[in-house]
Amino acid sequence: MPGGYAWRVCLAGREVSGTRAPHLRNVLRSFQDRDNSWFNINRECTSSMPAPYKNLARLGFSPYVALMHNPYLVIVLSLLIGFTLFHMWIEWLNLSALKPEIPAEFEGVYDAEKYAKSQAYLRENTRVDMVTGVIKTSVLIAFILLGGFRWIFDVAVGVSDHLILQGLVFVGLLMLLSSVWGLPFQIYDTFVIEEKYGFNKTTPKTFVLDFIKGLLLGVVIGAPLFAALIYFFDTAGGNAWWICWVVVTVVQLFLMYVAPVVILPLFNKFEPLEDGELRSALESYADEQGFQLSGLFKIDGSKRSTRANAYFTGFGKNRRIALYDTLIDNHSQDELVAILAHEVGHAKCKHIHKQLLIGILSTGFLFGLLQHFIQQPGLYEAFGLPGESPPPIYAGLIFFSFLYTPIAALLGILTSVLSRKFEYEADAFAVRTTRGANPLIQGLKKLSVDNLSNLTPHPWMVFLEYSHPPVLQRIQAMRTLEKP
Ligand SMILES: [Zn+2]
């Protein structure tokens, strides 16, 4: 019927009706077979909608306007759009902070051409990031509004009557879908951008293997854990939140303990650093500091990228210090000792323990809130699922993560503030315990140039997202330490 047709929608005791464009029919039809308590079509209804909605509905904005009656949906959509726009604004600020002149500290380290290249790299990455953000958010919103979650829920219910099995199918399908959907973006990043700027060393084979290993790990670790969460939220009543908190914490600690020996070697080859001048220099530094250096490893970072790094992982007898082969190849012995000293500084100042403790506390906070929201029918209805008792709580675990984003963002900011403070402390430790500030400063400069790091990020970008202080501020802090 071209030109429009009469329609009438009733939801949550409120009625909308009107005559509007033909496309509306298709939208309505897609909802027609869903027997949601809040969205029944063509049902008699006595109460009426508030005027603004009614007017909008008359203009043809329904049924999405009608959907907006669910406050959870309004919150989730606003958060998705708000975060995407805010992030784009910060990235734009960050780009506008770029200046063509090389900072005095880096004269002679960077030549003009390479400095320009580092800025081109940042510009290109930012552009891609913005476009990716808009595409991903739009697709996610479309997925929510067009009933994507409902579709996956129907599949899961079709597979089994058992709550835990349903939950595993539901989450498994979602994870698979989101990994596959993320692939093109990852491929573009690795094989187009990183390749163009000379960083990429990943072969298609390594890329495919990484993807498969990642999925398998997700199944092996994620599935039993998720099953346990469903079980406790289904059976433990008001105690579920703290039981799940304990379970997740124990699993997390166990994974941290075994990761260096069991998980990381799946992705990289760990070789004990060969005997020689470098090893003895590193060992004698560790000895001086009374630091047990049981595992000093060289890893094949060059398998994936030319970027260099060093890190400290695990605890107890699985504690390891891993130096990338790319780091060893490009740095002098003094610089490497200073980098090790920085890592030892993190351990000596108990940074890892402190961060772990904060992580555990925020997990508890998350489960405490989850306990409240997981029983709210509106949360399920926002995503097109039945929310009346008993709701499919496995889906609630996922839907809650949408509501949690602002809290996660706040905690993320707090964690990075703390992490930047820890970096200064570890730098200070290295300066105190090695031959002054110079080796670490030289090492950091080389790392920045080799990684084409942004030397002048916008302060807001640093505040919101940087886990490490900008290199110029680190250098300045170390120089002040050295002054008598
Ligand atoms: Zn550090």
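The values are calculated or read from the model by the stated rules, or taken from the named source; none is laboratory data. What you see is a predicted model, and the numbers here were worked out from it, not measured in a lab. With ideal geometry, Cβ positions are generated from the backbone for all residues, glycine too; neighbour counts draw on all protein chains shown.
Here are a few things to note about the model shown:
- Criterion violated by S160 - all others in (1) touching a helix residue (DSSP H, G or I) at 6+ places or on another chain (Cβ under 8 Å); (2) closer than 30 Å to L98 by Cβ satisfied: (2)
- Being part of a helix (DSSP H, G or I), aliphatic (A, V, I, L, M) and surrounded by fewer than 17 Cβ atoms within 10 Å (Cβ to Cβ) is a property that I407 has.
- The numbered conditions (1) in contact (Cβ under 8 Å) with a residue 24 or more places away in the chain; (2) buried (at least 16 other Cβ atoms within 10 Å of the Cβ) are all true for P470 except (1).
- Residue check, Q371 at pLDDT 90 or above, within 16 Å of the ligand (Cβ to nearest atom) and either under 28 Å from V248 (Cα atoms) or in a loop (DSSP other than H, G, I, E, B) (or both): no
- Residue in region 332-368 that is nearest to the ligand (Cβ to nearest atom), counting only those that are of a type in the set (V, I, T) and closer than 15 Å to C244 by Cβ: I360
- Residue in region 330-340 that is assigned by TED's automatic domain parsing to the domain that holds A430, more than 20 Å from A408 (Cα to Cα) and surrounded by fewer than 20 Cβ atoms within 10 Å (Cβ to Cβ) present: no
- For D129, the stated conditions hold: it is under 18 Å from L452 (Cβ atoms) and part of a helix (DSSP H, G or I).
- When every residue of region 415-422 is checked against the conditions, at least one turns out to be within 15 Å of the ligand (Cβ to nearest atom), assigned by TED's automatic domain parsing to the domain that holds E113, free of Cβ contacts under 8 Å to residues at least 40 places away in the same chain and out of contact with any helix residue (DSSP H, G or I) (no Cβ under 6 Å at 6 or more places or on another chain).
- You will find that of E381, E482, the residue that is acidic (D, E) and either surrounded by fewer than 18 Cβ atoms within 10 Å (Cβ to Cβ) or within 16 Å of the ligand (Cβ to nearest atom) (or both) is E482 and no other.
- Filter pass, L464 being more than 14 Å from the ligand (Cβ to nearest atom), assigned by TED's automatic domain parsing to the domain that holds Y197, without any contact (Cβ under 8 Å) to a residue 12 or more places away in the chain and not in a loop (DSSP other than H, G, I, E, B): no
- Criterion: assigned by TED's automatic domain parsing to the domain that holds E105, more than 20 Å from the chain's Cα centre (by Cα) and away from the ligand (no atom under 16 Å from the Cβ) - qualifying residue of R435, R474: R435
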